[in-house]
Every structure is written in structure tokens, then in C-alpha cells.
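First up is the structure itself, then whatever we jot down about it.
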Amino acid sequence: MEWHACLDEYQKLVIRMSTPRVVIDNTVCRTATVVKVDSARRHGTLLDAVQILTDLNLSIKKAYISSDGQWFMDVFHVTDLNGNKLTDESVISYIEQSLETTYPDKSLGFNGLTALELTGTDRVGLLSEVFAVLAELQCNVVDAKVWTHNGRIASLIYVKDCNSGSLIEDSRRIDRIEARLRNVLRGDNDIRSARTSVSMAVTHTERRLHQMMSADRDYERKPDLQCWTDSPVVNVQNWTERGYSVVNVQCEDRPKLLFDVVCTLTDMEYVVFHASINTTGDKAYLEFYIRHTDGTPISSEPERHRLIQCLQAAIERRASEGIRLELCTSDRQGLLTDVTRTFRENGLNVTRAEISTAMGMAMNVFHVTDATRNLVDPKSIESVRQKIGLGNLKVKELPFRHHQMAERQDEHEIGVGGAVLLSLGSLVRKNLYNLGLIKSYS
């Protein structure tokens, strides 16, 4: 570390103490790369570390978090998405440099773009209408993420001017964009809750999406349509002797799960003092010892209930619902309008989307269901692929939950009586499983 000539020894000591120390080891664990981070404790430190790892699409298989006074020690067992250790030296070097930065950069390359924030009631074809309006207003979509949950939609869309390729700053044009998008979001029945805003500020996209959906209180709403996914199990109890609130989470494991949970705890002004994260097969088990930022544990039943709701919602928002379609093709003006219109015309509902562009190419991911959030008829998917281009739009393997969904839909066809008995039997077995009385309820 190089020192500026005017720094005295005390200033150098402060810098040494506040700079995180990072060790990355590929020898101590047979199945994962171990990342150790020692740092001074401040609110958000854990989230910063988890964010850096998940933004690299790394899978956190285990983690141990411990706080000793004003010092944090984080240990993460990570792999790539294929379950392999990290061997690329450039990736390892990037992790070290990023974690050693006290306040990491959260821009992710979105400087020079205008950010559009949208929340409202979800409906089939809404995304198609949004992109059609943006194309009409000469806004080029560079990057976007769309989440849906409990009948609500939140989207963060980064745009630039189609003609100049620059940031959109004209206040009258911005007002016109906001007004048009708000009208689309309102539709016929969402006059009060539809919201749009334009921001020049740089923020972490997925953290901002969590904040938007939480502000929209999606965790209090009930879905209009039946979803087949299993809700995560969240328990919160106080450990009075130690002054902690203990949060336990059990759910399906998936990428970025730890980020979603820690992000929610941090934005709700809770501090994680100790934690352990374990994954076994497709299941994840997370335990956190938390307090408010003022050092007190959870103090009321309504607060405990709200925390449970918010954590369940945070986990469910990113859950893969629907068939995953990947579009890779040359970018052009109006591409998103055409693609999403084709989805709408074939009865496909977009439950989640990730839009990105680079070097003149569009690389987009869509999760789609039918209008009732059930599995899409394969004929509809093939029809869409024929229209968009078989070589451009590809279907990825269905997630495990959709094999379960298909089985449950088949079970439903057995008959009303048989289905009811089967459902009751599954419910009993699930409850016994959750109580630890049986090893499996499948």
C-alpha cells in the first residue's frame, strides 16, 4: 500500500484498521473456494461483501458471520454456477480488490443513462405496452430488470436517447415520459397505486427493486392467481438472555438467495451480528442473530410478523416462475416492442425479465407462463420461436419446480374427490416433514 507524503502515522493506522483484509483460499475446502473477510463493523458491510460475490454470479454454498466488538469476520464458501471452484486468477484478483475497498462502486456501468422506476398492478401484456411507449418516445432501452410478485410489478429500466445516444435530461421530455408510462401502468383499475419516477442517481439495480416492491407493500398483498410454488419457512424468536432476535429461514436454494435476505434485513435497519448459512442439495438453511441499529431486539408481535412477511416476499420475488427463454440477437430499435408483443399475442405472461445490451447485441432473459400463471403449452412456445427466430430465441431446461407443477396439474385431473384427498395427504406429510418426524414428504 502506497502512502501519501502528508499522512502521519496515526492516519496510516486508521486507514489500515478500516481497510478490509481479504484471504481467498482454494486448499482448505475440497468442494469450494473459501473467501475470508475481516473488516471494521459498520451498517451495510455484510451486504457489500455479499453483493460483490453475487454480482459475479457466484453461488454461496456456506457462510459464517461473526462480530467481535467493532470487528466483523465473514467466511464464504463459493463456487461458480456449475459448482466448480474459482480458478480464474483475474476473477480472484477482482474479488480481492473489490472486497478490500471500504465503499465499493455500485454503479455497475449505468453512468450516463436515465433510470426509469415503475411499479403497479401486473397484467398480461403490460411489458409490451411499456416498451411500445418507450420506443414511440425515442427512448432506447440499454438495460432493464422486471420483477413480479403477488400481482404487482416493479421495473428499473435504463434508457438513453435514440438519436444522440446520450442521457435524457430535458425536464419537459422527462415529464412526458413519466405521464405516458403512468397511464399505461394505471390501465383500467390501478389509478392510485401506479407509480413512475425518473432518476439520474446511480444505485444497485436489484437492491432498488427490493426497495420499490417493499414500498409498494407487495408483502401484504395476496396473488390474484394460484401459484404452485412452496413458500419459504421463516421463524423469528427473541433470545432474551443475549439480547438478540434469531431469524431462521428454510427454503429452496437458488442463486442470490443470501443477497435477497441480507438486503432486506439491512434496508429494514437490522444489523446482523452472527449468522450461519448452509445448503444441502436443493435446500438452504439460514440463521441470523440480529438487533436494531440502536442495539435492541425486536420488541413487538406486529414487528415480528412484518419481518417474516418481508423476508418471505424478498425470497419469492426472484424465484424462477415460468419457462426460461433466452434471446440473443443483434440489437435494433423496436426489438423489445416486437418480442414482447409476440409474447402477448400468443398468451404468454412475462413474470420476470432481464434485459441487457453490449457491443450491438441484445442478450435478454424472459420467464414466461400462460395467462393463469400455469405452464405454457409447448405449441405456444414453438409458435413464438418461429416468429422471433428459432436460432435467436432458445428454451432453457425447465426448473425442478415445473416438473412438480406438471405433476400437480396431472393430479388435479384425477377428479375432485381424488384431488382433495391427495392434497390433504400431501399437506399432512409436509407438516410431518417440517416437524422433523419424517425424512421426506414426496
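General observations
For every residue, the table says whether it meets (1) touching a Phe, Trp or Tyr at 6+ places or on another chain (Cβ under 8 Å); (2) open to solvent by 10 Å² or more (accessible area, probe 1.4 Å); (3) in contact (Cβ under 8 Å) with a residue 12 or more places away in the chain; (4) not hydroxyl-bearing (Ser, Thr, Tyr).
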{"residue": "VAL35", "(1), (2), (3), (4)": "yes, no, yes, yes"}
{"residue": "ALA40", "(1), (2), (3), (4)": "yes, yes, yes, yes"}
{"residue": "THR45", "(1), (2), (3), (4)": "yes, yes, yes, no"}
{"residue": "ALA49", "(1), (2), (3), (4)": "yes, no, yes, yes"}
{"residue": "ILE52", "(1), (2), (3), (4)": "no, yes, yes, yes"}
{"residue": "SER59", "(1), (2), (3), (4)": "no, yes, yes, no"}
{"residue": "TYR64", "(1), (2), (3), (4)": "no, yes, yes, no"}
{"residue": "SER67", "(1), (2), (3), (4)": "yes, yes, yes, no"}
{"residue": "PHE72", "(1), (2), (3), (4)": "no, no, yes, yes"}
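- Residue in the stretch 328-350 that is under 22 Å from the mean Cα position of the chain (by Cα), on the phi < 0 side of the Ramachandran plot, modelled with pLDDT of 95 or more and of a type in the set (D, E, K, R) present: no
- Qualifying residue in the stretch 281-289 (condition: at pLDDT 95 or above, within 16 Å of TRP239 (Cα to Cα) and not charged (D, E, K, R)): yes
- Scanning the stretch 297-352 for residues that are open to solvent by 50 Å² or more (accessible area, probe 1.4 Å), closer than 26 Å to ASN392 by Cβ and touching a residue at least 60 places away in the same chain (Cβ under 8 Å) returns ARG324, GLU326, CYS328, GLN333, ARG341, ARG344.
- VAL28 meets the stated requirement of being outside the structural domain of LEU258 (by the TED database), more than 22 Å from LEU257 (Cα to Cα) and open to solvent by 40 Å² or more (accessible area, probe 1.4 Å).
- Within the stretch 26-52, the set of residues being part of a strand (DSSP E or B), modelled with pLDDT under 95 and of a type outside the set (Asp, Glu) comprises VAL37, SER39, ALA40.
- Tally of residues being open to solvent by less than 20 Å² (accessible area, probe 1.4 Å), of a type outside the set (A, V, I, L, M, F, W, C) and free of Cβ contacts under 8 Å to residues at least 60 places away in the same chain across the stretch 247-279: 3
- Filter pass, ILE92 being surrounded by fewer than 21 Cβ atoms within 10 Å (Cβ to Cβ), modelled with pLDDT of 90 or more and β-branched (Val, Ile, Thr): yes
- Within the stretch 221-270, considering residues that are among the β-branched types (Val, Ile, Thr) and at pLDDT below 95, the one farthest from HIS292 (Cα to Cα): THR229
The values are calculated or read from the model by the stated rules, or taken from the named source; none is laboratory data. Just so it is clear, the structure is predicted and the values come from calculations on it, not from any experiment. Here Cβ is always computed from backbone atoms with ideal geometry, including for glycine, and neighbour counts include all displayed protein chains. These accessible areas exclude ligands, DNA and RNA; they are computed on the full protein's heavy atoms, side chains included. Shrake-Rupley method; radii C 1.70, N 1.55, O 1.52, S 1.80 Å.
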